[in-house]
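Enquirer: Below are the structure tokens for one structure; questions will follow.
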Amino acid sequence: MALVQRTKEECIELLRQSAKAVEPGQKIKADVFQPQDAENVARLYYAIYGDNFPLDYVYDPERLRAANAGPDVQMFVGRAESGDVVGLAGLYRSAPGKGAVESGGLMVLPDYRNGFLALRLTKMTYVAARDELQVNMLFGQSVTDETTMQKVNRKYDMRELALEIESMPPKRDSDARISLLCEFTIFRDIPHAVHPHPAYEDYLRDAYGQLGVEREFAPGVDPAGITDCAFTSMDNSGIAKIQADALGADLPDRLAELEALHPGMHAYHAQLPLADPGLPWAVERAWERGYVLGGLLPLWSDRDVLMLQKFASRPDFSAPKLLADDTKALLERIREEYELSLKESGRP
């Protein structure tokens, strides 16, 4: 018999009706997700995010079980003696590259944040990605309304190379959107030439130095032909993206099409291939439409990608809480580009 899939609203209502407190002070075991954990994982998401998490399946125990059956999701839980799930982290196939995997979704209930559970869960994802999945690149996205995840990822040599401004909706009991810090580590590099815009050469040289990889910097040329790209959107987050695998002379039309197909978004992201000689030209066309730097996504599509971003309204650049000086400098660079873009366009 086919599974009847509940709507997000139905799942949220069931979680409200079955809400229960988790007793503090229990012994916790860090373990691989088991099917019997599904309901308590959904409770954890609701306890942390309310109904604001941008992926609906996390509120549905049946869909959580199906997702963890593979191959694109592998969760790790902090399981209390009572069976309640008090912490979570996971590996997710969310990047286009076959050799890339995301370590993400880390969350721990407040009563259990004083121990080492976050570190234990993160280590499980790191070891599984490196030794079991044997991927080339592992990345994470730290929320910037607090700094816990940034500290954890630094312990596993992940480097902060991109900043998605206000790309997450507010958490429960908050009105402030949240920026995401994108962090990376390379297990097995794929050397290749890149074609940076001159304005970004210094940033990219520093980023590659942090990763411990080398790239040949080659000049760019104006592209011909058509752009090979795909559009995606996360309506709950208010973000729409274009992922370009090859750049063509029609890129400005494709950027306009993205915004026309997904009007009213909070932000638009353009993922542009650094290995394409048309990249410098593409950056200038994106600038003309109000895009600014987001950062480097190494081996994102099994080759490096430059992420640019455009905002529907002025972000609060004072909101992100950042630890590393390099990351603070990246935020300031994004802010300066944004202010310059407003000035050149005549927008308020």
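Enquirer: If you take the residues in region 290-311 that are open to solvent by less than 20 Å² (accessible area, probe 1.4 Å) and within 15 Å of GLU344 (Cα to Cα), which one is farthest from the chain's Cα centre (by Cα)?
Expert: The selected residue is GLY290.
Enquirer: Next question, about the same structure. Can you name the residue in region 252-266 that is under 25 Å from ASP302 (Cα atoms) and touching a strand residue (DSSP E or B) at 6+ places or on another chain (Cβ under 7 Å) and is also surrounded by the fewest Cβ atoms within 10 Å (Cβ to Cβ) among such residues?
Expert: ARG254
Enquirer: A follow-up question, please. For residues in region 14-55 being open to solvent by 80 Å² or more (accessible area, probe 1.4 Å) and assigned to a helix (DSSP H, G or I), which is nearest to LYS171 (Cα to Cα)?
Expert: Top of the filtered list is ARG16.
Enquirer: Mind counting the residues in region 241-251 that are open to solvent by less than 10 Å² (accessible area, probe 1.4 Å) and assigned to a strand (DSSP E or B)?
Expert: Summing the residues that are open to solvent by less than 10 Å² (accessible area, probe 1.4 Å) and assigned to a strand (DSSP E or B) in region 241-251 gives 2.
Enquirer: How about region 57-174: which strands (runs of 3 or more DSSP E) wholly inside it have at least 2 residues that are of a type in the set (A, V, I, L, M) and more than 26 Å from GLN36 (Cβ to Cβ)?
Expert: Per the criteria, 137-143, 159-168.
Enquirer: I need the full set of residues from region 69-98 which are under 20 Å from ARG130 (Cβ atoms) and open to solvent by 10 Å² or more (accessible area, probe 1.4 Å), in order please.
Expert: Across region 69-98, the qualifying residues are GLY70, PRO71, ASP72, VAL73, GLN74, TYR92, ARG93, SER94, ALA95, LYS98.
Enquirer: Among ALA30, ALA21, which is the only one that is over 17 Å from ALA69 (Cα atoms) and in contact with a Gly (Cβ under 7 Å, 6 or more places away or on another chain)?
Expert: Going through ALA30, ALA21 in turn, the sole match is ALA30.
Enquirer: Anything in region 188-240 that is at pLDDT 95 or above, open to solvent by less than 50 Å² (accessible area, probe 1.4 Å) and in a loop (DSSP other than H, G, I, E, B)? List them, or say none.
Expert: Across region 188-240, the qualifying residues are ILE190, HIS192, HIS195, PRO196, HIS197, VAL213, ARG215, ALA218, GLY220, PRO223, THR227.
Enquirer: Does ARG314 meet the test of being within 14 Å of ALA244 (Cβ to Cβ) and open to solvent by 50 Å² or more (accessible area, probe 1.4 Å)?
Expert: no
Enquirer: Right, next: Does region 56-68 hold any residues that are in contact (Cβ under 8 Å) with a residue 12 or more places away in the chain and open to solvent by 10 Å² or more (accessible area, probe 1.4 Å), and which are they?
Expert: Result: ASP56, PRO61, GLU62, ARG63, ARG65, ALA66, ASN68.
Enquirer: Restricted to region 113-146, and to residues that are out of contact with any Phe, Trp or Tyr (no Cβ under 8 Å at 6 or more places or on another chain), within 20 Å of VAL86 (Cα to Cα) and open to solvent by less than 30 Å² (accessible area, probe 1.4 Å), which residue is modelled with the highest pLDDT?
Expert: Here the answer is LEU117.
Enquirer: Moving on to the next point. TRP287 is checked against (1) part of a loop (DSSP other than H, G, I, E, B); (2) open to solvent by 60 Å² or more (accessible area, probe 1.4 Å) and fails just one. What number does that condition carry?
Expert: The number of the failed condition is (1).
The values are calculated or read from the model by the stated rules, or taken from the named source; none is laboratory data. Being a predicted model, the structure only gives us computed values, none of them experimental. Counting neighbours? That spans all protein chains shown, and the Cβs are built from the backbone with ideal geometry, glycine included. In case anyone asks, the SASA skips ligands and DNA or RNA and just uses the protein heavy atoms, side chains included. Shrake-Rupley method; radii C 1.70, N 1.55, O 1.52, S 1.80 Å.
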